[in-house]
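The values are calculated or read from the model by the stated rules, or taken from the named source; none is laboratory data. It should be emphasised that the depicted structure is a prediction, and the values quoted were computed from it without experimental measurement. Reconstructed Cβ throughout: ideal geometry from the backbone, glycine too, with neighbour counts over all protein chains shown. To get the accessible areas, we keep the full protein, side chains included, count just its heavy atoms, and leave off ligands, DNA and RNA. Shrake-Rupley method; radii C 1.70, N 1.55, O 1.52, S 1.80 Å.
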Amino acid sequence: MRAVRVSEHGGPEVLTVEEIDRPDPDEGELLVEVAAAGVNPVDTYFRDGSYEPVGLPFTPGVDVAGTVVEMDDRVEGFEAGDRVFGVGIGNGEHQGAYAEYATIPTDRVVHLPDGADLQEAGAAGVAACTAWRAL
């Protein structure tokens, strides 16, 4: 699959598109086909080294929306084909959403209502949480 990767810290020029293996979901995770990923200031902090990722190379992208492809056998409440939204994945603990597929722990993902737009949902996470806290 294609993924945007950071192999060294720096400006936007360190972002590269690479072919990498599609991830497999670990215990308690979903594999999601990414429809949209948010671009947030925190993603630039991981990229430039202000927030150190667990290891390089790294796929950024903390917010994601897409469709469940598969999941760990012990996952309950989700099925292949479900439309979902997740936040807090590209934060050093997990690879991020700037890829064709992403694994997401179930405690960081929710179902999207039928009328919700995947692109809008992919951009909502950090921005919506920031707005909510400000209120």
Checklist entry - When ARG74 is evaluated against the numbered criteria (1) farther than 19 Å from ARG2 by Cα; (2) in contact (Cβ under 8 Å) with a residue 60 or more places away in the chain; (3) assigned to a loop (DSSP other than H, G, I, E, B); (4) charged (D, E, K, R), which criterion, by number, is the only one it fails? => result (2)
Next on the checklist: Given the condition open to solvent by 50 Å² or more (accessible area, probe 1.4 Å), among the hydrophobic types (A, V, I, L, M, F, W, C) and modelled with pLDDT of 95 or more, answer yes or no: does some residue in the stretch 79-95 qualify?
Outcome noted: yes
Item to check | Top-ranked residue of the stretch 2-40 - restricted to ones that are in contact with a Pro (Cβ under 6 Å, 6 or more places away or on another chain) and of a type in the set (D, E, K, R), ranked as farthest from GLY90 (Cα to Cα) | outcome: GLU29
Next on the checklist: Tell me whether the stretch 36-55 contains one or more residues that are modelled with pLDDT of 90 or more and in a strand (DSSP E or B).
Outcome noted: yes
Next on the checklist: Tell me the residue from TYR45, TYR51 that is closer than 22 Å to SER7 by Cβ, among the aromatic types (Phe, Trp, Tyr), open to solvent by 20 Å² or more (accessible area, probe 1.4 Å) and touching a residue at least 12 places away in the same chain (Cβ under 8 Å), please.
Outcome noted: TYR51
Next on the checklist: For the stretch 56-71, which positions are surrounded by 15 or more Cβ atoms within 10 Å (Cβ to Cβ), aliphatic (A, V, I, L, M) and not in a strand (DSSP E or B)?
Outcome noted: VAL62
Next on the checklist: Quick test of your reading of the structure: ARG108 fulfils all but one of (1) free of Cβ contacts under 8 Å to residues at least 60 places away in the same chain; (2) farther than 26 Å from GLU13 by Cβ; (3) out of contact with any Gly (no Cβ under 7 Å at 6 or more places or on another chain); (4) open to solvent by 50 Å² or more (accessible area, probe 1.4 Å). Name the failing condition by number.
Outcome noted: (3)
Item to check | Residues that are in contact with a helix residue (DSSP H, G or I) (Cβ under 8 Å, 6 or more places away or on another chain), modelled with pLDDT of 95 or more and open to solvent by less than 50 Å² (accessible area, probe 1.4 Å), drawn from the stretch 7-27 | outcome: GLY11, VAL14
